[in-house]
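Step one of this worksheet: look at the structure below.
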Amino acid sequence: MNGYYYSILHGALLTVAVSLLALLVSIILGLMGAAAKLSGNKLLVAIATTYTTVIRGIPDLVVMLLVFYGGTIGINHLLALMGSTGNIDINPFFAGVLTIGFIYGAYMTESFRGAILSIPKGQMEAAWAFGMGRVQTFLRITAPQMVRYALPSFTNNWLVLIKATALVSLIGLKEMTYLAKQASSATRSPFAFFLFTAALFLVYTTISLYALRKLNERFSLGAKRGTL
């Protein structure tokens, strides 16, 4: 029995890796999406709006299966058209990271867009008047305040993203949920192993909440509650 618990703990490390890499992908896509929506360019706004609307309207599981199985079929079909006779299987780890990151990039887009809109526009105009470029203005004026305004929704997105990593077990990635199911089938004791897995997820979310709360306190220094 102990061997199964050790294997689940090993799978927990893979869960952390998937979560952190998917978070990185979602932040990058979220910043790009928010920039596109606020750009004023009709084409970019339409693309970003379509992205957030479609992704938020489709269940995460369906997107995961579409990317994994549909991507595999699409790549192999393309290779066949190019004359290749071999088949390529998408790595479950990278499929999971990219899919979860792609899904939560849509949610991060709205979080970052709302946070940027909460910053008084006059601050950016003042920075430009002082000769700051757009990149410098973003790094020195917009980004620090955006973090403070975005942290509450960012925290919710991150907690949901962590739990969504359990979906990658359905495409064969041997993270802790997958290993818990294997241990349950082998021992016919599902309650103990899934309870252990639930406890590990709870540990992750508790640590995350503590860290993000401290981060929120750091970025809220000098700011009064309820004011911009």
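Observations
- Of all residues in the range 112-139, exactly one satisfies the criterion of being under 23 Å from THR52 (Cβ atoms), modelled with pLDDT under 80 and among the aromatic types (Phe, Trp, Tyr), namely PHE138.
Yes or no, residue by residue, for (1) touching a strand residue (DSSP E or B) at 6+ places or on another chain (Cβ under 6 Å); (2) in contact (Cβ under 8 Å) with a residue 60 or more places away in the chain; (3) within 19 Å of HIS10 (Cβ to Cβ):
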{"position": "LEU179", "(1), (2), (3)": "no, yes, yes"}
{"position": "SER184", "(1), (2), (3)": "no, no, yes"}
{"position": "ARG188", "(1), (2), (3)": "no, no, no"}
{"position": "THR205", "(1), (2), (3)": "no, no, no"}
{"position": "ALA211", "(1), (2), (3)": "no, no, no"}
{"position": "LEU215", "(1), (2), (3)": "no, yes, no"}
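- Which listed residue is among the small types (Gly, Ala, Ser) and more than 24 Å from THR109 (Cβ to Cβ), from GLY11, GLY30: GLY11
- The sole residue among VAL97, VAL160, VAL168 that is surrounded by fewer than 21 Cβ atoms within 10 Å (Cβ to Cβ) and either farther than 25 Å from ALA48 by Cα or of a type in the set (A, V, I, L, M, F, W, C) (or both) is VAL160.
- Hits in the range 187-228 - residues which are among the aliphatic types (A, V, I, L, M), in contact with a helix residue (DSSP H, G or I) (Cβ under 8 Å, 6 or more places away or on another chain) and modelled with pLDDT of 85 or more: LEU200, LEU209, LEU212, LEU215
- Whichever residue in the range 1-34 is modelled with pLDDT of 90 or more and more than 22 Å from PRO92 (Cα to Cα) and, among such residues, is surrounded by the fewest Cβ atoms within 10 Å (Cβ to Cβ): MET32
- Criterion (more than 25 Å from GLY11 (Cα to Cα) and free of Cβ contacts under 8 Å to residues at least 12 places away in the same chain) met by exactly one of GLY122, GLY114: GLY122
- Residues that are within 20 Å of PRO92 (Cβ to Cβ) and in contact (Cβ under 8 Å) with a residue 24 or more places away in the chain were ranked within the range 45-68; the one that is surrounded by the fewest Cβ atoms within 10 Å (Cβ to Cβ) is LEU61.
- Candidates are the residues of the range 118-142 that are exposed (fewer than 14 other Cβ atoms within 10 Å of the Cβ) and of a type in the set (A, V, I, L, M); the one that is farthest from SER26 (Cα to Cα) is ALA129.
The values are calculated or read from the model by the stated rules, or taken from the named source; none is laboratory data. These figures come from a predicted structure and were not determined experimentally. Positions of Cβ are backbone-derived with ideal geometry, glycine not excepted, and every protein chain shown enters the neighbour counts.
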